[in-house]
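J.: The structure follows.
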Amino acid sequence: MKTFIYKIILISVFCLLSKSIQSQTAPNWSVNTSGYQHTMTFTAFLNVNGSTLTSSQDQVAAFVNDEIRGVSNVVFVDSLDKYVVFLTVFSNTNGEVINFKIYDSANQVVVPAIQTPMFNIDESVGGVQQSYNISSTILNDEAEFTSFSFKGLTAISTEILSTEINIVLPENTDLTSLTPVFTSSNNSKVFINNSIQETGEGVVNFSEIITYSVLSEDESTLREYNVNVSSFVSNAPTSVVITGPDSKFVNTLPVTLDVVFSNTISNFEISDFVVENAIVTSLTGTDFKNYKITVIPLSQGEFSLQLPEGIVVDKHNNLTEASNKVIYNYDIVRPVITNLYVDETSEAWVFVVDFSEEVSGVSVSSFELMGAGATELEIDSVEKKSETQYKVNVANTSNIQGSVSLGLKDTSGIQDAAGNLIVESSFEAFFLNNITPISITAEAKTKAYGELDPVLTYKITSGSLRTGDTLSGGLNREKGEDVGTYLITSSLSNPNYAITYNSSDLTITSKAITVTAESATKV
């Protein structure tokens with residue numbers, strides 16, 4: 001704390017002194033070197049109020065007890081892009097206190113420097129790269145990296161020590177082309193091989209250790225850091241994932257699958273796979289992590305493929321984990337309708353369609369209604385009852401006359417899970433639309449026992465047949481020839497009529513006979 005307060009006091013005093021010095025032209029400083037036996041040299045930079053002087057008109061003079069002992073102007077050193085003074089101080093005695101005065105040509109002022117070194121015979125102080133500081137104020141003497149990173153990257157770990165920096169970057173980072181981003185002590189300079197470095201600019205190869213130098217503002221401190229950059233190396237096993245078509249059913253050859261490793265690998269071959277009911281025909285890689293393989297099934301049905309654990313080695317000599325097992329079903333058999341019939345138990349008009357396997361794309365537009373009674377009908381909805389069975393519901397069935405059948409359209413769009421389109425089929429089911437009602441009444445009949453049956457006849461007692469229409473079938477009676485009553489039954493039918501049948505009876509009556517007694521005589 002005392003040192004800090006002392007520095008503040010010195011800064012304040014010299015600032016006041018600087019302000020008190022009036023502007024003036026370049027001083028006429030000169031040295032009579034013949035009166036001195038010994039020299040001391042300084043390679044220094046001049047700094048006034050925190051700014052380094054860069055004009056060739058800027059000067060520094062060394063004084064001992066107000067006697068000029070040396071003078072030098074600022075010169076530019078092109079190799080280091082730096083402005084310095086090469087000052088020789090003359091004396092006959094060791095230990096004399098040297099005071100400096102700086103002429104700032106831009107402001108045309110002479111200001112005293114705060115440095116007061118002791119004269120040492122033949123001593124050389126400072127150099128071009130790390131120069132002695134002759135300044136009007138106290139400059140920072142710290143030379144440290146306070147942070148170190150790389151543009152566009154987030155380090156896994158960063159360790160800044162007194163003389164080295166250790167940084168671990170994410171795995172597979174290209175270390176040959178990195179842009180450093182750093183901060184260092186206030187007003188310090190950063191170098192690589194005497195070349196000044198700016199944060200966030202330039203690309204550096206960090207595949208080997210790079211030595212950085214940090215030079216304090218007053219150039220009294222030069223600290224070197226060995227920057228060691230590496231990429232993360234995982235000891236975890238390399239994972240591998242096999243992917244292919246989204247559907248588990250395929251019907252084209254070959255089947256192409258992607259094989260992706262989490263790290264770069266080596267010595268990967270077709271024979272590494274465990275394959276069931278198929279063969280791997282090719283293996284190609286875009287890099288050493290991403291591959292494509294082609295697979296051909298050996299027969300219809302399920303086939304699978306997997307990469308076992310520990311077969312392949314990654315770049316860190318870690319064995320790979322087992323991949324997922326992919327299972328597909330090779331299916332080139334087209335689905336068919338196995339049954340199409342009318343649901344007799346339904347109160348509405350419903351067709352039931354059975355397929356040979358699970359299908360998709362079944363909709364109202366997959367079917368069509370045909371027949372004399374289908375003109376004004378339409379399919380209302382299709383209902384899935386199971387994986388292979390659908391119900392087709394027919395609407396607007398009132399006031400329709402004639403037969404109606406359900407057929408599959410040529411462009412039905414129905415296909416199985418592998419994408420095989422359904423086989424076109426003319427398989428149909430029929431509704432007999434008996435909309436026209438008629439009533440038929442059998443006429444009662446009588447015969448005597450032993451006679452032949454009379455012709456059984458009927459009358460249409462309600463409604464009528466359209467011209468040209470007939471009823472097929474006929475009337476029959478219950479079996480029996482004994483005297484009694486026998487029900488007359490009907491098998492009359494026509495698919496276009498709803499027939500109401502009113503039965504009658506056949507009556508067998510007793511047969512009339514005459515019995516004549518014969519005369520007889522007896523004794």
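The values are calculated or read from the model by the stated rules, or taken from the named source; none is laboratory data. Fair warning: this is a prediction, and the values are worked out from it, not measured in the lab. Glycine also receives a Cβ, built like all others from the backbone with ideal geometry; neighbour counts cover every protein chain displayed. For the accessible areas, the whole protein counts, side chains as well, though only heavy atoms, and no ligand, DNA or RNA atoms are used. Shrake-Rupley method; radii C 1.70, N 1.55, O 1.52, S 1.80 Å.
J.: Which of (1) buried (at least 17 other Cβ atoms within 10 Å of the Cβ); (2) over 20 Å from Thr52 (Cα atoms); (3) of a type in the set (Asp, Glu) does Glu123 not meet, given it meets every other one?
T.: Just one mismatch for Glu123, condition (1).
J.: I'd like to check something: does the stretch 463-475 contain any residue that is over 26 Å from Ser403 (Cα atoms) and either of a type in the set (S, T, N, Q) or surrounded by 11 or more Cβ atoms within 10 Å (Cβ to Cβ) (or both)? Even if it seems obvious, please write down each step before you answer.
T.: Of the residues in the stretch 463-475, the ones over 26 Å from Ser403 (Cα atoms) are none.
There is no residue in the stretch 463-475 that is over 26 Å from Ser403 (Cα atoms) and either of a type in the set (S, T, N, Q) or surrounded by 11 or more Cβ atoms within 10 Å (Cβ to Cβ) (or both).
J.: Let me ask another. Please state which one of Glu357, Glu302 is open to solvent by 40 Å² or more (accessible area, probe 1.4 Å), assigned to a loop (DSSP other than H, G, I, E, B) and under 30 Å from Asn277 (Cβ atoms).
T.: Being open to solvent by 40 Å² or more (accessible area, probe 1.4 Å), assigned to a loop (DSSP other than H, G, I, E, B) and under 30 Å from Asn277 (Cβ atoms) holds for just one of Glu357, Glu302, which is Glu357.
J.: Let me ask you something else. Take the residues of the stretch 22-50 that are outside any loop (DSSP other than H, G, I, E, B) and modelled with pLDDT under 95: which is surrounded by the most Cβ atoms within 10 Å (Cβ to Cβ)? It would help to see each step written out before you state the result.
T.: Just the residues of the stretch 22-50 that are outside any loop (DSSP other than H, G, I, E, B), to begin with: 33-35, 38-48.
From what is left, the residues that are modelled with pLDDT under 95 are 33-35.
Numbers: Thr33: 11, Ser34: 6, Gly35: 8.
So the residue we want is Thr33.
J.: Separate question: Please go through the stretch 307-329 and give me each residue that is open to solvent by less than 40 Å² (accessible area, probe 1.4 Å), farther than 11 Å from Phe273 by Cβ and part of a strand (DSSP E or B), ordered by number.
T.: Residues satisfying the conditions are Asp314, Thr320, Tyr328.
J.: Filter the stretch 500-520 for residues that are part of a strand (DSSP E or B) and surrounded by fewer than 13 Cβ atoms within 10 Å (Cβ to Cβ) and give the result.
T.: Residue satisfying the conditions is Thr509 alone.
J.: Among the residues of the stretch 184-199 satisfying the criterion of being among the small types (Gly, Ala, Ser) and open to solvent by less than 40 Å² (accessible area, probe 1.4 Å), which is nearest to the chain's Cα centre (by Cα)? Show your work before the answer.
T.: At the first step, the residues of the stretch 184-199 found to be among the small types (Gly, Ala, Ser) are 184-185, 188, 195.
Those left that are additionally open to solvent by less than 40 Å² (accessible area, probe 1.4 Å): 184-185, 188.
Details: Ser184: 41, Ser185: 44, Ser188: 46 Å.
Looking at the filtered set, the residue picked out is Ser184.
Let's see how each residue does on (1) in contact with a helix residue (DSSP H, G or I) (Cβ under 6 Å, 6 or more places away or on another chain); (2) within 15 Å of Ile210 (Cβ to Cβ); (3) open to solvent by less than 70 Å² (accessible area, probe 1.4 Å); (4) among the β-branched types (Val, Ile, Thr):
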{"site": "Phe150", "(1), (2), (3), (4)": "no, yes, yes, no"}
{"site": "Val168", "(1), (2), (3), (4)": "no, no, yes, yes"}
{"site": "Glu171", "(1), (2), (3), (4)": "no, no, yes, no"}
{"site": "Leu178", "(1), (2), (3), (4)": "no, yes, yes, no"}
{"site": "Phe182", "(1), (2), (3), (4)": "no, yes, yes, no"}
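J.: Moving on. Just give me the residues in the stretch 207-233 being touching a residue at least 40 places away in the same chain (Cβ under 8 Å) and surrounded by fewer than 13 Cβ atoms within 10 Å (Cβ to Cβ), in sequence order.
T.: Applying the first criterion (touching a residue at least 40 places away in the same chain (Cβ under 8 Å)) to the stretch 207-233 yields 212, 214-233.
Within the stretch 207-233, Glu224, Val233 meet the criteria.
J.: Please enumerate the residues belonging to the stretch 274-299 that are hydroxyl-bearing (Ser, Thr, Tyr), more than 20 Å from Glu171 (Cα to Cα) and either part of a loop (DSSP other than H, G, I, E, B) or open to solvent by 60 Å² or more (accessible area, probe 1.4 Å) (or both).
T.: Passing the criteria: Thr281, Thr284, Ser299.
J.: If a residue must be closer than 26 Å to Lys248 by Cβ and either under 23 Å from the mean Cα position of the chain (by Cα) or of a type outside the set (Val, Ile, Thr) (or both), how many such residues does the stretch 290-319 contain?
T.: Qualifying residue count, the stretch 290-319: 17.
J.: Give the residues of the stretch 76-91 that are open to solvent by 30 Å² or more (accessible area, probe 1.4 Å), modelled with pLDDT of 95 or more and more than 13 Å from Ala44 (Cα to Cα), sorted by residue number.
T.: Of everything in the stretch 76-91, just one residue is open to solvent by 30 Å² or more (accessible area, probe 1.4 Å), modelled with pLDDT of 95 or more and more than 13 Å from Ala44 (Cα to Cα), namely Phe90.
J.: Go through the stretch 126-148 and count every residue that is closer than 19 Å to Tyr83 by Cα and open to solvent by less than 30 Å² (accessible area, probe 1.4 Å).
T.: The total comes to 8.
J.: Filter the stretch 330-345 down to the residues that are over 21 Å from Ile296 (Cβ atoms), open to solvent by less than 50 Å² (accessible area, probe 1.4 Å) and in a strand (DSSP E or B) and list them by number.
T.: Answer for the stretch 330-345, where residues must be over 21 Å from Ile296 (Cβ atoms), open to solvent by less than 50 Å² (accessible area, probe 1.4 Å) and in a strand (DSSP E or B): Ile337, Leu340, Val342.
J.: Okay, moving on. Six or more apart or on different chains, Cβ atoms under 9 Å: show the pairs whose first residue is in the stretch 61-75 and buried (at least 17 other Cβ atoms within 10 Å of the Cβ) and whose second is of a type in the set (Lys, Arg) and assigned to a strand (DSSP E or B).
T.: As it stands, the answer is Ala61/Arg69; Ala61/Lys101; Ala62/Arg69; Ala62/Lys101; Phe63/Arg69; Phe63/Lys101, since those pairs meet every condition given.
J.: Can you work out which of the residues in the stretch 261-271 that are within 17 Å of Ser282 (Cβ to Cβ) and of a type outside the set (Phe, Trp, Tyr) is least open to solvent (accessible area, probe 1.4 Å)?
T.: Restricting to residues being within 17 Å of Ser282 (Cβ to Cβ) and of a type outside the set (Phe, Trp, Tyr), the top hit is Ile270.
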